[in-house]
Amino acid sequence: MPYATKRVYEEPAPSDGKRVLIDRLWPRGLTKDKAAIDLWLRDAAPSHELRKWYGHDPGKWLEFRRRYFAELDAAPESLEPLKALGRGRITFVFSSREEDLNNARALKEYLEPSRTVRRKA
């Protein structure tokens, strides 16, 4: 299944396919209509403790990914709602200002077929 990432504050587009919010908290200042979210995967977002520890520090990225993947491995049921979206493109949307090193990108990497290679990076 093709996955993409995008800031939730960017304008929704038909090319997004299904839009899945991957944050524990609802994005500040955004209505549900404006966000155009098909699914909110709150339980699959990084834990509050992990998110706070990471603080979008690029030097902590690899360790953040390792810890986040461990959280996902420990709670595979948190990703079950993705199956209900069916086939087609899924865009993981996020609220972070950090557009490259964020939980949506990490989740995309986790779900990609070659993720085991990336885990060891």
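Read-outs throughout are calculated quantities, based only on the coordinates presented, and are distinct from any laboratory measurement. Please read these numbers as outputs of a predicted model, since none were measured by experiment. With ideal geometry, Cβ positions are generated from the backbone for all residues, glycine too; neighbour counts draw on all protein chains shown.
Structure data summary
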| item | result |
| --- | --- |
| Magnitude of the charge dipole, the chain, Cβ model with Lys/Arg +1 and Asp/Glu -1, debye to 20 | 140 debye |
| Cα-Cα over 20 Å, subset of K60/K108; K6/K108; K18/K83; K32/K60; K18/K108 | K32/K60 |
| Convex hull projection area averaged over all views, the stretch 3-119, Cα basis, nm² | 7.1 nm² |
| Radius 12 Å from Cβ of A84, net charge of other residues (Lys, Arg +1; Asp, Glu -1) | +1 |
| Potential lengthening between D38 and R66 on full extension [0.36 nm per residue; Cα-Cα distance subtracted] | 7.3 nm |
| At most 14 other Cβ within 10 Å, DSSP loop - trypsin sites (Lys or Arg not before Pro), the stretch 7-54 | R28 |
| For the stretch 39-83, alpha-carbon Rg relative to the globular expectation (2.2 N^0.38 Å, N residues) | 1.20 |
| Evaluated over the stretch 63-103, the Cα radius of gyration and Dmax, each in Å | 12.4, 32 |
| Contour excess over end-to-end distance, with Cα ends at L111 and E99 and 0.36 nm allotted per residue | 2.5 nm |
| Residues of the stretch 93-107 with amide N under 16 Å of the 7 Å Cα→Cβ point at D73 | 107 |
